[in-house]
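Each remark here refers to the structure printed beneath this line.
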Amino acid sequence: MASRTQSGHDLNDLNKESRSTAEGNFIMAVIGSRGSGKSSFINLLAEKGIVESSIPGIQTVDFVDDLTRRRVTLVDTPGFDEDNGVTETDVIKKITEFLITQYNTIRNLNGLVYLHSVTSRTRIGGLGASNLKWFLNLSDSNTFNNVVVLTTFWDDHSAWNVGEEREAELKSKLRQLESGGAEFMRHHKTVLSARRVLKHLVLKSELDSLTAKHEAEIAKLEEELKKLRKENGELEARRKRETTDLQKELRHTQNEKTELSKTLASEKKTRQDLETKMQQERDEHKRQEQEWTKKFREQYEAYKAVLNGLHDKFQQMLGDRWIKFERGMAQELLLVPSLVAKSFLGTYSLNMEVRKTY
C-alpha cells in the first residue's frame, strides 16, 4: 500500500479542493496481485501526494502531475491474494463501491493500470474472462483504450531469461484486452517509466474525451443537418409547388397573350380588309360619279341641243304664223277707226315681242 504523511491542515485543504474539482480530476486505478510492484509504481508517481479513503482496503493518492499538468487521483487497491481469498472480482467491486461513495454517482475511471510481474506465474484466468465486462463498466470508454497492462520487475536478473516468454504468455491470455485497445508496456522502476504510463493514459483519456465531444458535436450537427434537410425539403416542396403554380399561370398568361395576339392580328386584318374594301368602294363611287357626270353632261348637251332645235323650229313656226295673222288682221281692220286699231295692234304687237323673247 502507498502511504503519505502531511499536516492535518494541508490534508483537509487538499481534500476539500480535491472534492470540489473531482469532476476535473484524472482518476486512475492501480490493480494487480500481491508483489506485482503496485506500491513502488505509485510512490514513483506521487512522491508528495496525499492519502485519503473511506472504503476499507482502498486508498487514494491525490497529486498534480508536473508532466501533464493534470490533477491526478490514484486509486490504490488491495493486491490479489488467493491465499487470503482476495480475487480480481472482489477488487473490482471495491473500486465500484469507492467511485459511487466518493462521487455520489457513477463516476467512471479515466485510466486503469493492471500490473503483472514477469518473474512470477500468477494466475490471471479470472481477469482474462468474466471480469472483462467489469473493466468496461468501470471505464469511461467503450473499449479498453484506457487500460495499460504493465509488466514489472524487468530489472530483476531472472527476467533476462523468462521475461519475454512470460510477457508473450500474458498477451496470449489477455488477447481480448489487447485487441480491444489496451496497451502492453514495461516498467523499469524509474520515475520516467512510471510517468510514461500516466502520460499515455492521460493522452488517451483526453483523446477519448475529445473524440466523445467531437462525436457529440457531430451528432448534434447531424441532428441540426437533419432538421435543416427537413426544413429544406419542406421549402423545396413549397418552392416546387409555387414553381408549378407560376408555370401554370405563366402558361395561362402565354396562352392568353397568344390568343390576344391572334385576335389582334385577325382584327387588324379585318380592319385592313375593310379599309381596302372602303377604298375600293370610294374609288368605284368616284368612277361611277365621273361616269354619271359625264353621261349627264352628254345627255344635258343632247337635250339642250334638241331643245334649242325645237325652240328655233317653234320660233320659226310661230314667226311665220304671226306674220300671216298680222297681215290678215291689217286688211280686215282697214275699216276700224285708226285709234282703236292702233290700240289693239299695239297690244298684240307687244305680246308677240314677249313671246319671241321667251
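Among residues that are basic (Lys, Arg), surrounded by 10 or more Cβ atoms within 10 Å (Cβ to Cβ) and either modelled with pLDDT of 85 or more or outside any helix (DSSP H, G or I) (or both), Arg321 is not included. Restricting attention to the range 139-163, the residues that are more than 30 Å from Thr211 (Cα to Cα) and touching a residue at least 12 places away in the same chain (Cβ under 8 Å) add up to 9. Looking only at the range 167-196, residues that are touching a Leu at 6+ places or on another chain (Cβ under 8 Å) and of a type in the set (D, E, K, R) come to 3 in all. Evaluating Lys262 against the criteria (1) modelled with pLDDT of 85 or more; (2) surrounded by 11 or more Cβ atoms within 10 Å (Cβ to Cβ); (3) not acidic (Asp, Glu) leaves one unmet condition, (2). Checking each residue in the range 75-106 for being modelled with pLDDT under 80, outside any strand (DSSP E or B) and crowded, with 17+ Cβ neighbours inside 10 Å picks out Glu88, Gln102.
Does Lys220 meet the test of being among the basic types (Lys, Arg), farther than 30 Å from Asn146 by Cβ and free of Cβ contacts under 8 Å to residues at least 12 places away in the same chain? So Lys220 does not fit the description; no. Residues in the range 148-187 that are of a type in the set (D, E, K, R) and outside any helix (DSSP H, G or I): Asp155, Asp156, Glu183, Arg186.
Would you kindly identify the strands (runs of 3 or more DSSP E) lying entirely within the range 1-73 that contain at least 1 residues that are more than 22 Å from Thr96 (Cα to Cα) and at pLDDT 50 or above? So the answer is 59-64.
Of all the criteria given as (1) outside any helix (DSSP H, G or I); (2) in contact with a Phe, Trp or Tyr (Cβ under 7 Å, 6 or more places away or on another chain), the one not satisfied by Ala194 is (1).
The values are calculated or read from the model by the stated rules, or taken from the named source; none is laboratory data. These figures come from a predicted structure and were not determined experimentally. When we count neighbours, we look across all protein chains shown, and the Cβ atoms used for this are built from the backbone with ideal geometry, even at glycine.
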